[in-house]
1. Relative to the compact-globule scaling 2.2 N^0.38 Å, provide the ratio for the alpha-carbon radius of gyration of region A:44-126.
2. Dividing the convex hull volume of the Cα atoms of region B:21-172 by its residue count, what figure in Å³ per residue is obtained?
3. Helix-only mean residue ellipticity at 222 nm, the protein assembly as shown, DSSP H runs n ≥ 4 weighted -39,500 (n - 2.57), per residue, nearest 500. What is it?
4. State, to one decimal in nm², a quarter of the convex hull surface area for the C-alpha atoms of region A:2-242, i.e. the direction-averaged projected area.
5. Considering only protein heavy atoms and a 1.4 Å probe, what is the carbon-and-sulfur percentage of the accessible area of chain B?
6. Report, in listed order, any pair from B:Lys138/B:Lys177; B:Lys43/B:Lys179; A:Lys13/B:Lys125; A:Lys3/B:Lys54 with a Cα-Cα distance greater than 22 Å.
7. Could you work out how far helix B:226-239 tilts from the main Cα principal axis of chain B, as a 0 to 90 degree angle to the nearest 10?
8. Just how large is the dipole of chain B about the Cα centre, in debye to the nearest 20, putting +1 at every Lys and Arg Cβ and -1 at every Asp and Glu Cβ?
Amino acid sequence: MKKFFTLLKIEGKLSLRSIDSIFFGICMPVGIIILIGLIAGPNPTTSDAGYTLIQSSFGALVTVGICATAFMGIPLTIADYRDKKILKHFFVTPVSPTMLLWVHAVINMLLSVISALLIYATARIFFGYQMIGSELAFVGSYLLVMVSMYSLGLLIASLCRTIKTANVVCSIVYFPMLFLSGATIPFDIFPKQLQTVAGFLPLTQGIRLLKSASLGLETSLLMPLIVLVGSLIIGIILSMRFFRWE
Amino acid sequence: MENCIEVKNLNKSYGHRVAVNNLNLTVKKGEVFGLLGPNGAGKSTTIDCILGLKSFENGSVRVLGMDPARERKRLFERVGVQLQSSSYQGNIRVGEVCEEIAALYQSPADYHDLLSQFKLDQYLKQPVAKLSGGEKQKLSVLLALIPQPEVLFLDELTTGLDTEARREVWHVLTALKKKGLTLFLTSHYMDEVEVLCDRICIISQGHALVTDTVPKLIQSSPYQRLEEAYLWVMKEEIAL
């Protein structure tokens, strides 16, 4: 356990030194919630009155941290460490390289959770945000979305052989997930056709789940649950099949 | 004397290309053994197979009496490894990479001592990326010494080092040899091999041409120095 925490401390410091994960994972979503709060304030949303724009966006914005860690942080770190033979080097030590992967899983989970908590604190303190739905259901949904997206991130790391392809694939996956899933731009304002297409993104379904949980909506959640659990299972199975240590 | 490393009938190929062809070698406790040969001769592949990093078609490998692939956790408490052209996490500092490696072992050496032995102690807080090529290479040898190994593997240990730094590394290694360290190395520098190695094995296209002590190998050739003797062995091979 001591080994794990020493690695966590050092690798954690390294993650904090690279500004982009902090910027995209934490500063950006907090900035957006402040903007939404300042623009819309306590006014109800136009389409579905009964709750404010902050309340309707909250479930989506907490996924920005997940998105940044799942589609940038995790796959790029693994591809980089594989390229530099750091993972290979762990095979000639008494510690399994799997421990290094777990260390990074924990670092990225912590980053996502900190991002979500800061968004919550900002919304709560400055804009009087109250969650309508059950907190427990929301936390559960959040964790499901997180592990599901992380398994897809691991899949990207498994399929990309070099850091260059990983970089390209991460950009191709990260930006559409960020902008089309409703994480940053409200899904409801998209044209119908775009909504249909974006509906195929796993994160879109994750956000549907989080949104219903945070608003306490009584909609059918079968589809989001199937997509998320499906992504999780497929991601893990294919990663185990294709993962390469070097 | 006890055998530290035993390789028997090792065969490894990548598709149709044979990388290691029926290689046999033994390294005794306290011995410094050099694996020599041109680039692409199969030196790194051999080291990878000995360390259990690569699977091989047939043959057997024992290090300290253990199977490296099966008894990895136990074996690598006692074995230090420097892999060829190692690199490190971006923006990691010298002290941090030492601390991280030291954390992996039950009884690691004090890395501050090692840093001063290698004259790297002034870089403790510096990013590894800012070190010169030679300093990075010294650091990779230093990291292999952190487990306080009984057996040490060094793949191209002094590539990129200047004369002075090379002497520092040799100095540390000969001191450790006196304490009974077993050393398995590859190198392209014959002066280094002459200074450090007790026995050498020259390989070409995956099979061993000669395995002998350095003085005996020179004697068997028409030359006085290892470099000429080495080139002579390689030429004889081509003539056949």
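The values are calculated or read from the model by the stated rules, or taken from the named source; none is laboratory data. Just so it is clear, the model here is predicted, and its values are computed rather than measured. We place every Cβ from the backbone using ideal geometry, glycine too, and count neighbours over all the protein chains shown. Ligands, DNA and RNA are excluded from the accessible area calculation, which covers all protein heavy atoms including side chains. Shrake-Rupley method; radii C 1.70, N 1.55, O 1.52, S 1.80 Å.
1. That works out to 1.57 for region A:44-126.
2. With only Cα atoms used, region B:21-172 gives 127 Å³ per residue.
3. Result for the protein assembly as shown: -17000 deg cm²/dmol, rounded to the nearest 500.
4. Across all orientations, region A:2-242 yields a mean hull projection of 13.5 nm².
5. Reported share for carbon and sulfur atoms: 48 percent.
6. As for pairs spanning more than 22 Å Cα to Cα, those are B:Lys43/B:Lys179; A:Lys3/B:Lys54.
7. Roughly 40 degrees, rounded to the nearest 10.
8. That gives a dipole near 400 debye.
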